[in-house]
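Enquirer: Supplied in structure tokens, the structure appears directly below.
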Amino acid sequence: MKILLLGADGQLGGYLRSALATIGTVRASSRQAQDEALRCDLSDPTAVGTLLRRERADLLVNAAAYTAVDQA
């Protein structure tokens, strides 16, 4: 099973990357992913759509979060 994990560099994303690896192949996406093909700014709908079409994952897990509470 191919799993696309959004927000993979955060605290929850780091945990989920390990946990999800037990059930499939995890493709870890974040704004600063080392693999340029997996870099994605979730505030850009076009970039998100492109990523989803390109990866064609069986399962999508969104662990991304906006943590600047004072600016929310």
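Just so it is clear, none of the values below were taken in a lab; they were calculated from the coordinates. For clarity, every value in this text was computed on a predicted model and none was experimentally measured. Note: ideal-geometry Cβ built from the backbone for every residue, glycine included; neighbour counts use all protein chains shown.
Enquirer: With +1 assigned to the C-beta of every Lys and Arg and -1 to the C-beta of every Asp and Glu, and no other charges, what is the dipole magnitude of the chain about the Cα centre in debye, to the nearest 20? All intermediate terms of the calculation are to be shown ahead of the outcome.
Expert: Values: 8 positive and 8 negative charges, 58 e Å.
Here the size comes out at about 280 debye.
Enquirer: Would you work out which of Leu12, Tyr66, Leu38 lies farthest towards the positive end of the dipole of the chain, given +1 charges on the beta-carbon of Lys and Arg and -1 on that of Asp and Glu, about the Cα centre?
Expert: Farthest towards the positive end: Leu38.
Enquirer: Consider a paramagnetic label point 7 Å from the Cα of Ala65 along Cα→Cβ; state which residues of the stretch 1-37 have an amide N under 13 Å from it.
Expert: Only 7-16 pass the distance filter.
Enquirer: A follow-up question, please. Just to be sure I understand: if I project the alpha-carbon convex hull of the chain onto a plane and average over all orientations, what area do I get in nm²?
Expert: 4.8 nm²
Enquirer: Over the chain, what is the relative contact order in percent, taking alpha-carbon pairs closer than 8 angstrom and at least six residues apart? Each step should come with its number before you reach the end.
Expert: On the way: 105 pairs, mean separation 29.5, N = 72.
Once normalised by length, the contact order is 41 percent.
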